[in-house]
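These notes concern the structure reproduced below.
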């Protein structure tokens, strides 16, 4: 009988531990999920054809290092609101088309330049998209 009581008590402790663990996991998942947002379509974002073309370039070339809709960065800074400030966050350079184009073309610090990969139209499309962030 005592062996059966011990098993029952152990089962209750294991079940309570399992419930506490699940509560912790759910709590952790809910805090992490706050930063995760469903990717919106070009239409949902109201992008023009040029901006949509720039978004494709961004996805292919920029997204691995820069978050588009967050100020938190990956390897490089997040680009949300890049043109809403007078100066760029890391370099302190003016936040205008000319300076951003120079950084994209020539690179800066750890960022490689894309002058050999992107043509003038690609740069204009990418800038049009960056202005939507």
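The values are calculated or read from the model by the stated rules, or taken from the named source; none is laboratory data. As the structure is a prediction and not an experimental result, all values here were calculated from the model. Note that each Cβ is placed from the backbone with ideal geometry, even for glycine, and that neighbours are counted across all protein chains shown.
Go through 59, 122 for me and flag whichever is touching a helix residue (DSSP H, G or I) at 6+ places or on another chain (Cβ under 7 Å) and within 24 Å of residue 40 (Cβ to Cβ).
So the residue among 59, 122 that is touching a helix residue (DSSP H, G or I) at 6+ places or on another chain (Cβ under 7 Å) and within 24 Å of residue 40 (Cβ to Cβ) is 122.
Residues being in a helix (DSSP H, G or I), without any contact (Cβ under 8 Å) to a residue 40 or more places away in the chain and surrounded by 13 or more Cβ atoms within 10 Å (Cβ to Cβ): count how many of those fall in the stretch 57-94.
1
May I ask you to verify whether residue 109 is at pLDDT 95 or above and loosely packed, with under 15 Cβ neighbours inside 10 Å?
no
Tell me the residue from 118, 126 that is assigned to a helix (DSSP H, G or I), surrounded by 13 or more Cβ atoms within 10 Å (Cβ to Cβ) and modelled with pLDDT of 95 or more, please.
Only one candidate qualifies: 126.
So, in the stretch 103-133, of the ones that are over 20 Å from residue 53 (Cα atoms) and without any contact (Cβ under 8 Å) to a residue 40 or more places away in the chain, which residue ends up farthest from the chain's Cα centre (by Cα)?
Residues of the stretch 103-133 over 20 Å from residue 53 (Cα atoms): 106-112.
When the remaining residues are screened for being without any contact (Cβ under 8 Å) to a residue 40 or more places away in the chain, the result is 106-110, 112.
On the way: 106: 23, 107: 20, 108: 20, 109: 20, 110: 18, 112: 19 Å.
The qualifying residue farthest from the chain's Cα centre (by Cα) is 106.
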